[in-house]
Amino acid sequence: MKESTILKAYELAKERYAAIGVDTDKAIADLEKQQISLHCWQTDDVVGFERNEALSGGIQTTGNYPGRARNIDEVRRDIEFVKTLIAGNHRLNLHEIYGDFGGKFVDRNEVDVEHFQSWIDWARANNMKLDFNSTSFSHPKSGDLTLSNPDNGIRTFWIEHTKRCRRIADAMGKAQGDPCIMNIWVHDGSKDQTMYRKRYREILAESLDDILSEELPYMKSCVEAKLFGIGLESYTVGSMDFYEGYCATRNVIYTLDTGHYEQTENVADKVASLLLFVPELMLHVSRPVRWDSDHVTIMNDQTLDFFKELVRADGLDRAHVGLDYFDASINRIGAYIIGTRATQKCILSALLEPLALLRKYEDGGQGFERLALLEEAKSLPFGAVFDYFNLKNGVPVGEEYIAAIQQYEKDVTGKRM
Ligand code: RNT
Ligand code: ZN
């Protein structure tokens with residue numbers, strides 16, 4: 001697209017938004033500051049470098065589009081490419097199974113900072129900060145229960161793993177001069193009815209208390225709630241109620257994955273409640289289709305509403321934005337870009353909401369005016385602002401990135417057999 005056209009369109013959009021009290025330049029500046037934690041696992045279908053085996057443990061990737069990253073160099077190369085197509089400076093979210101194990105088998109209870117040193121160096125060289133995740137799925141000891149397992153041997157194994165992961169996250173945070181956010185998600189649950197709903201939750205709380213008792217100044221821990229996992233449909237130990245209570249009583253960050261709730265539930269509505277009782281949120285922006293399917297994030301009503309609620313609750317500063325989806329049925333790099341840019345679009349849309357005027361109407365009891373402005377705001381020239389944001393940051397505007405990804409497929413991912 002011609003630069004002058006984008007600039008012209010932006011000038012008109014700026015004027016249009018200003019008329020309802022919205023400063024587009026400020027919205028763009030705020031969006032530029034917003035880091036998104038890119039989930040490394042979209043590059044390789046959540047396989048990692050530990051066993052090179054398909055994913056198991058409550059989650060599943062579907063599709064076999066060619067071009068999966070098969071090793072650490074390919075993951076890094078893909079992320080470096082992804083960065084060239086997204087405006088702003090983002091983070092990389094690693095899972096423990098993505099360690100640099102140097103061809104050796106390193107079990108989960110043996111993992112150490114040394115296995116992530118090359119990631120720390122790579123991140124510094126690429127001007128990226130790291131976030132981290134313990135990995136309790138895809139392992140012979142995963143079974144149905146990890147941190148909530150009554151079997152002491154298995155439970156201790158996973159406690160040790162998670163404690164080690166926290167120390168690795170701390171080393172990452174120290175090296176990057178910015179806290180590394182470490183997420184704990186365990187798939188623990190039951191396929192069929194259990195007579196021990198309370199017991200497993202008690203054990204999980206005990207395990208987490210033990211894990212989180214170690215003071216580590218350069219990292220922050222968060223725990224992820226979920227509705228159910230595949231093969232564990234009847235009961236999830238770490239349900240939403242469990243983690244809400246846990247986070248509120250222990251002052252721990254709550255991980256809100258947008259795919260982890262009932263399909264008819266209004267996930268956006270949770271933001272303003274959670275923010276009253278938990279210190280911060282870690283977001284896993286995803287797209288459930290009929291279930292927690294981890295489809296590529298798009299700019300749909302759910303995601304738009306979600307970020308609007310976050311901005312309305314003044315919560316953007318208290319939320320760590322991360323992505324969590326894994327689509328193996330289309331070009332994986334394309335999936336990455338679509339989801340990241342869609343997330344940015346939703347954040348921008350939230351930042352461009354004429355909130356002051358909407359609230360003025362609400363305060364004045366002017367329900368018609370509020371609804372009318374909400375409706376009109378939907379067709380404001382949002383796209384012109386997003387195009388300008390990308391142009392300003394030197395990345396492809398609009399659909400231009402399709403060609404760039406096709407080229408990368410020709411040169412790189414398409415050659416992976
Ligand atoms: C699973 C959780 C979890 C994982 C990643 C790979 O339902 O959403 O966040 O997707 O840790
Ligand atoms: Zn998630």
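A few points about this structure:
- Across all directions, the average flat footprint of the convex hull enclosing the Cα atoms of the range 102-149 is 4.4 nm².
- When only the Cβ of Lys, Arg, Asp and Glu is charged (+1, +1, -1, -1), the dipole of the chain relative to its Cα centre reaches about 500 debye.
- Ser118/Phe368 FRET efficiency (R0 56 Å; Cβ-Cβ; nearest 0.05): 0.40
- Working note: Karplus 6.51/-1.76/1.60 with θ = phi - 60° gives the range 221-227 the couplings 9, 9, 10, 10, 8, 8, 7 Hz, where Gly and Pro are set to x.
- Computed over all pairs of different Cα atoms, the Kirkwood value for the hydrodynamic radius of the range 122-189 is 13.0 Å.
- Dipole orientation for the chain: of the candidates Gln302, Ala54, Ile405, Ile405 has the Cα lying most toward the positive pole (charges on Cβ; Lys, Arg +1; Asp, Glu -1).
- For the chain, with +1 on Lys and Arg beta carbons and -1 on Asp and Glu, the positive-most of Leu145, Gly102, His115 along the dipole: Gly102
- Note on the range 267-356: Cα convex hull, mean projected area over all directions, 6.0 nm².
- Dipole of the chain, positive end: most advanced residue of Val237, Ala29, Phe132 [Cβ charges, Cα centre]: Ala29
- Close amide-amide hydrogen proximity is noted between His39 and Asn93, Leu323, each under 5 Å apart and 5 or more residues distant or on a separate chain (H modeled in the peptide plane; Pro and chain starts excluded).
- Size of charge dipole - the range 189-292 - debye, nearest 20, with Cβ of Lys, Arg +1 and Asp, Glu -1, no other charges: 240 debye
- Relative compactness, the chain, computed as alpha-carbon Rg over 2.2 N^0.38 Å: 1.00
- Amide H partners (placed H, <5 Å) of Tyr235, local residues excluded: Ser190
- Local electrostatic count, Tyr218, Cβ distance below 12 Å [Lys/Arg +1, Asp/Glu -1]: +2
- Using only side-chain charges placed at the Cβ, +1 for Lys and Arg and -1 for Asp and Glu, the dipole size of the range 57-122 relative to its Cα centre rounds to 340 debye.
- Separation of alpha-carbon centers, the range 306-379 and the range 40-87, rounded to whole Å: 28 Å
- Maximal additional length on extending the Asn52-Glu400 stretch stands at 121.8 nm, based on 0.36 nm per residue less the C-alpha distance.
- Relative contact order, percent, the chain [alpha-carbon distance under 8 Å, six or more residues apart]: 21 percent
- His320 long-range amide H proximity, modeled H, under 5 Å: Leu281, Met282, Leu283
- Put simply, when 68-74, 1-7 are sorted by average Cβ atoms within 10 angstrom per residue, most first, you get 68-74, 1-7.
- The three principal axes of the C-alpha atoms in the range 143-269 carry coordinate ranges of 45, 39, 25 Å, sorted with the longest axis first.
- Spread over its residues, the convex hull of the C-alpha atoms of the range 209-248 is 88 Å³ per residue.
- Order by protection proxy (mean Cβ within 10 Å, highest first), peptides 384-390, 28-34: 384-390, 28-34
All of the numbers you see were taken from the coordinates with simple rules; none came from a lab. All values reported here derive from a predicted model rather than from experimental measurement. Cβ coordinates were reconstructed from backbone atoms using ideal geometry, including for glycine residues, and neighbour counts include every protein chain displayed.
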